[in-house]
Amino acid sequence: MASALRLAVAVTCALVLMPSACHGLEVGYYKNTCPRVEQIVRAEVKKFVYKNAGIGAGLIRLLFHDCFVQGCDGSLLLDPTPANPKPEKLSPPNFPSLRGFEAIDAAKDAVEAACPGKVSCADIIAFAARDAAYFLSTLHIKIDMPAGRLDGRVSDATEALDDLPPPTSNATELAGIFAAKGLGVEDMVVLSGAHTVGRAHCSSFVSDRLAAAADIDGGFASSLRKRCLADRIAGDDPTVNQDAVTPNAFDNQYYKDVLARRVLFTSDAALLASPETAKMVRDSAYIRGWWEDKFKKAFVKMSRVGVKSGKQGEIRKNCRVVNHGYPHGHY
Ligand code: HEM
Ligand SMILES: *[C@@H]1O[C@H](CO)[C@@H](O)[C@H](O)[C@H]1NC(C)=O
């Protein structure tokens, strides 16, 4: 019965090509074609994250930035070519701050060695981001990540600028950008909790949070000023931890930081702008397990945004370049 239904859906998707009706993502999607894929990706992510926790933060952000632009289709991984000199990864929201690409390459290489041509780069990003959250949460955040995404062939830097929220966003703008991707205000609040790990470059927040009057704790602002302005003389763009308290722990400390006004961006502070979102912030900070549970669901929901199927996509051989010729390997 269930498999007959699945077949019917697959046939309908193939014939009618209605992507919105064909979110055919499934937990254990590769159980026949590449049964060890999730272990393989996890082992690679583990190596990178244990060497440098920052790569874990980068991988979590990578899924967000992939999914909001052209859907979760690996478009973020494509390198520039003469025909497409400005792909997403060179867009200001991504370059030079985004990290973790080498971990994706290593995972893809290991997966290709075990099951050539079977696993999409889009799914590898989703698995890797999930695993990064797992390791950075000291194995507390466990997510069943559905798979079956195909890789896209379009990657355009201007779309990244249009679709990703800038850190200067206010609450209304943030809600609008998330709604455009089918995500609600609660998703936006609980996903922002990812800012409990990783770093930001001073250029991402100095102008609207330190150089102008802002709703930010005075002591926190002066420590940021010291760090950002001291090195500015050297002409570079220093980084600071997003969460000053537990910088590498994927936990709910971010929400305590929001309440203490010790967060970096206008978009973080904006979570207190309405009573509705402020309550979500307090629940995340104070109710044990509340945020973790909501985060897991919202993360999977985000991983389903704009997923490609059928002739819209392919399984890339190399995550940095589209396959030659027109999409093959998945009809
Ligand atoms: C709500 C709107 C959001 C805005 C405006 C935003 C903006 C930013 C900015 C400006 C940075 C710093 C980049 C840099 O200067 O190096 C950053 C870092 C980061 N963001 Fe977001 N972000 C948002 C939502 C999210 C979501 C939904 C996730 C994932 C679920 C996420 C995960 C991360 C992570 C993990 C980092 C640290 C990356 C690293 O250390 O390499 N962000 N974000
Ligand atoms: C948010 O930003 C938009 C566009 O920049 C502006 O029109 C709006 O008034 C702002 N909303 C609030 C509540 O500040």
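The values are calculated or read from the model by the stated rules, or taken from the named source; none is laboratory data. All values reported here derive from a predicted model rather than from experimental measurement. For neighbour counting, all protein chains shown are included, and Cβ atoms are generated from backbone atoms with ideal geometry for every residue, glycine included. Please note that ligands, DNA and RNA were not included when accessible areas were found on the heavy atoms of the full protein model with its side chains. Shrake-Rupley method; radii C 1.70, N 1.55, O 1.52, S 1.80 Å.
Just a few scattered comments:
- Filtered by the rule that a residue be open to solvent by 30 Å² or more (accessible area, probe 1.4 Å), more than 24 Å from Leu139 (Cβ to Cβ) and under 16 Å from the mean Cα position of the chain (by Cα), segment 280-310 gives Arg304, Gly306.
- Test for Pro87: is it farther than 20 Å from Ala147 by Cβ and open to solvent by 50 Å² or more (accessible area, probe 1.4 Å): no
- Among the residues of segment 1-57, those that are farther than 22 Å from Ala113 by Cβ and modelled with pLDDT of 95 or more comprise Leu25, Glu26, Val27, Asn52, Ala53, Gly54, Gly56, Ala57.
- Some residue of segment 51-73 being more than 17 Å from Arg304 (Cα to Cα), touching an Asp or Glu at 6+ places or on another chain (Cβ under 7 Å) and open to solvent by less than 10 Å² (accessible area, probe 1.4 Å): no
- Flag if Ala180 is modelled with pLDDT of 95 or more, under 26 Å from Pro87 (Cβ atoms) and within 12 Å of ligand 1 (Cβ to nearest atom): no
- Flag for Ser169 being in the same structural domain as Val69 (by TED's automatic domain parsing) and among the small types (Gly, Ala, Ser): no
- Failed item, numbered, when Ala175 is tested on (1) among the small types (Gly, Ala, Ser); (2) away from ligand 2 (no atom under 16 Å from the Cβ); (3) over 27 Å from Phe48 (Cβ atoms): (2)
- Subset of segment 112-132 that is surrounded by fewer than 24 Cβ atoms within 10 Å (Cβ to Cβ) and at negative phi - its residue that is farthest from ligand 1 (Cβ to nearest atom): Pro116
- Pairs with Cβ under 7 Å, 6+ apart, first in segment 158-183 and open to solvent by less than 30 Å² (accessible area, probe 1.4 Å), second within 11 Å of ligand 1 (Cβ to nearest atom) and part of a loop (DSSP other than H, G, I, E, B): Ala160/Pro93; Ala160/Asn94; Leu164/Phe68; Leu164/Pro93; Leu174/Pro165
- Across segment 184-203, the qualifying residues are those that are within 10 Å of ligand 1 (Cβ to nearest atom) and open to solvent by 50 Å² or more (accessible area, probe 1.4 Å), and the one among them that is nearest to the chain's Cα centre (by Cα) is His195.
- Number of positions in segment 116-150 that are of a type in the set (Asp, Glu) and in contact with a helix residue (DSSP H, G or I) (Cβ under 7 Å, 6 or more places away or on another chain): 1
- With respect to the conditions (1) more than 15 Å from Glu186 (Cβ to Cβ); (2) of a type in the set (Lys, Arg); (3) without any contact (Cβ under 8 Å) to a residue 60 or more places away in the chain, Lys279 falls short on a single one, namely (1).
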